1. Pick out the one residue from ASP326, ASP376 that is touching a residue at least 60 places away in the same chain (Cβ under 8 Å) and within 33 Å of the chain's Cα centre (by Cα).
2. Of the residues that sit in region 549-569 and are touching a strand residue (DSSP E or B) at 6+ places or on another chain (Cβ under 6 Å) and surrounded by 21 or more Cβ atoms within 10 Å (Cβ to Cβ), which one is nearest to ILE509 (Cα to Cα)?
3. Looking at region 345-370, which of its residues are among the charged types (D, E, K, R), surrounded by 14 or more Cβ atoms within 10 Å (Cβ to Cβ) and either at positive phi or in contact with a Leu (Cβ under 8 Å, 6 or more places away or on another chain) (or both)?
4. Residue under question is ASP323, and the condition is that it be among the acidic types (Asp, Glu), part of a helix (DSSP H, G or I) and buried (at least 17 other Cβ atoms within 10 Å of the Cβ); does it hold?
5. All but one of (1) farther than 25 Å from THR646 by Cβ; (2) surrounded by 23 or more Cβ atoms within 10 Å (Cβ to Cβ); (3) touching a Gly at 6+ places or on another chain (Cβ under 7 Å) hold for PHE435; state the number of the condition that does not hold.
6. Can you name the number of the only condition in (1) part of a helix (DSSP H, G or I); (2) touching a strand residue (DSSP E or B) at 6+ places or on another chain (Cβ under 9 Å); (3) in contact (Cβ under 8 Å) with a residue 40 or more places away in the chain; (4) of a type in the set (A, V, I, L, M, F, W, C) that ALA196 fails?
7. Give the residue that is nearest to VAL193 (Cα to Cα), with candidates limited to residues of region 300-309 that are surrounded by 21 or more Cβ atoms within 10 Å (Cβ to Cβ) and of a type outside the set (Gly, Ala, Ser).
8. Answer yes or no: is there a residue in region 334-344 that is buried (at least 17 other Cβ atoms within 10 Å of the Cβ) and touching a helix residue (DSSP H, G or I) at 6+ places or on another chain (Cβ under 6 Å).
Amino acid sequence: MIGPMPEATDGKQLSASALALLRTHAKKIFAARGWLQSGLKLEHRPGQENMAKAVAETLCAGESLLVEAGTGIGKSLAYLLPGLMLAVESKRPFVVSTHTLSLQEQIFKKDLELCRALFRLTDELAPYADFKASVLVGRANYLCPQRLVRALQTRMDLFENAMHEELERLVAWAQKTKDGMREELQPPPHYDVWEAVCADSSACSPRTCSPKTCFYQRAKADARDANLIIVNHSLLFALLGAGAGPEEEQSGVLFPDDLVVLDEAHRVPEIASDHFGARVSSYGLERALLSLYNPKSRKGFLAKRGGTRDHALVEAAIKAGRDFFDAVREKFPERKDLLRLREAEWCPPLLDKPLAALATRLATLAESASNETEGDELRDHRRKIAAVRSSVDTCLKLAEEGHVYWIERTGQRKTIVHLRSAPRDPAPQLRESLFEPSSGLVLTSATLSDGTSMENFISRIGAPPRTRAQIEASPFDFENVMRVFAAGDAPEPTTGGGRMNLEWLADTIFFCAGRVRGGTLALFTSHADMRAVAEQIEGNWANLGRPLYLQGRDHSRGDLTRHFAKAGNGLLFGTDSFWTGVDVPGPALSQVILVRLPFENPTHPVLEARLEWVRDSGGNAFAEITLPDALVKFRQGIGRLIRRNTDCGTITILDSRVLRREYGKRFFAALPCKKHTIFTRGDRTKVFQPLEAK
């Protein structure tokens, strides 16, 4: 939990003159020749002005707003400036949630500096210039110095000798780090060691740790004192799931009467669904048990704190876990990695009694612990074991109505087994957690619509009827900075034979990427196709003296993007996560190739359940779910190309369904430019003339 905020003044109780003044400031900031343009020399953007006015009106009125802001609108300033002014004036907390840690940092280090510079320009805005802002991420991302000291003192019990050097590395880092965040440490810390020293423990609390010495407690204290708290979606829904939020009679999402903006809001239904469901893995359970006691190394939290009986209970739980997940693995059909669960009691409850016995014993040990800190650690271990037991029981019984249950295999050898559940439709829970308690809520993204309508997103997010929604188009001149090509001879994914299809893809991608001097991002919908095409063209591409980057092979997603941007003329192959969030301005990204239209796999359990639900209700599942979802993702993919007003480039579509099927018109209509050119292998040398920066 973050803890209580300073007592707020209800924005609805602000005087009419104060609210009028805030609205006037917002107009003067964003108007043509207004403070933003004349003072900071930023160009006037009508879409940004429209959005800022809507945000100001919405937050002042305590209402809700959905706003799609195309690339180049400048949506961050459009919500930050009105939100900050109202937060300072009313002493209400302003919460901004975005998708990733890097986006949090971008807002904090770049966008807020612009806000502060603007406020310092005029006497009228000067009262807002000293606003306080903080960034808060999940507590597992912070080092707890007190836990680090205890881990040093008990390292002979906790870790094998090979981990002692890693612990010393953390000690050296702790003496020089400013924020104590895991992402600062390179290479990343070993999982087992970090788990023992991070702030994700009841032993890291205001009772035992001071903001003067503990990184997480300092971040929490900063958040309590801040006008603006920047979080990410995962933390937001983790906090809401843990019971954070105002009392029932109070309005507000995280804090009483707060102002809330969710940026990158198109990711919210997916992220919220993960937090609204259950998740247990064979790997996670075994790690949790081995951290208590490892029979082979005889290390772990109970190595010295527990006796023979306690070690035996852990060993029994480890064996039960392995037996249970072996039984789960036997359920998988050959070569299938996902299996939807449809009938309760689908596997014997082999884990129930061993985990119950262990959890009970840990509770007893916690009560008789030699000190309060040790008791806190034991209670944390008990909670983890009890949570696993509860989640497994829920998945075995298919206990929650309206939820979808499945098992899946992951890992390089497909040996890690997960039990998963998620709501078939997260809209009711999203409405309950976001909209109904809201005292001022804005959801924004560059892609909330299918190009014309937000109806699909409004349904998925649970927005109440009459919620205000508006679309502000990108100010970029796409007709002159974007060229679109579609392959007329592309074999359809369902025909033509796998080998011929891949040979055609490899040849066409090599040709198209080779026609631009800058870089090309090729977006796939299939990992197998991506790897097969990369294998076919990598040698010839290297002969051109140009690099090829492949998702999942050499680097993390962030590192791949950075290497690609630095190379300037590379070829980057990516799948699902690369369709959104990639931001490479300039010639380093001169072409985006859409290998396939991004229809989701209809056999995934959650989508399968959604489709069945619509069909059973007499609806058209393709028209209501499959096509709208694909259009939004399509727009996210093409949105990777033009990131700045100086960018130009080419969109290349290698799926002939866009030309041959009636729904293809919807994809062309979703493009920001209206002209396209068809090419084939026979005429491509003459016809395929990509657009590049000069």
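1. Result of the check over ASP326, ASP376: ASP376.
2. Looking at the filtered set, the residue picked out is TYR549.
3. Selection gives ARG361 alone.
4. Answer is no for this residue.
5. Exception for PHE435: condition (2).
6. Status for ALA196: all satisfied but (2).
7. Within region 300-309, the match that is nearest to VAL193 (Cα to Cα) is PHE301.
8. no
The values are calculated or read from the model by the stated rules, or taken from the named source; none is laboratory data. For clarity, every value in this text was computed on a predicted model and none was experimentally measured. So basically every Cβ, Gly included, is an ideal-geometry build from the backbone, and we count neighbours across all protein chains shown.
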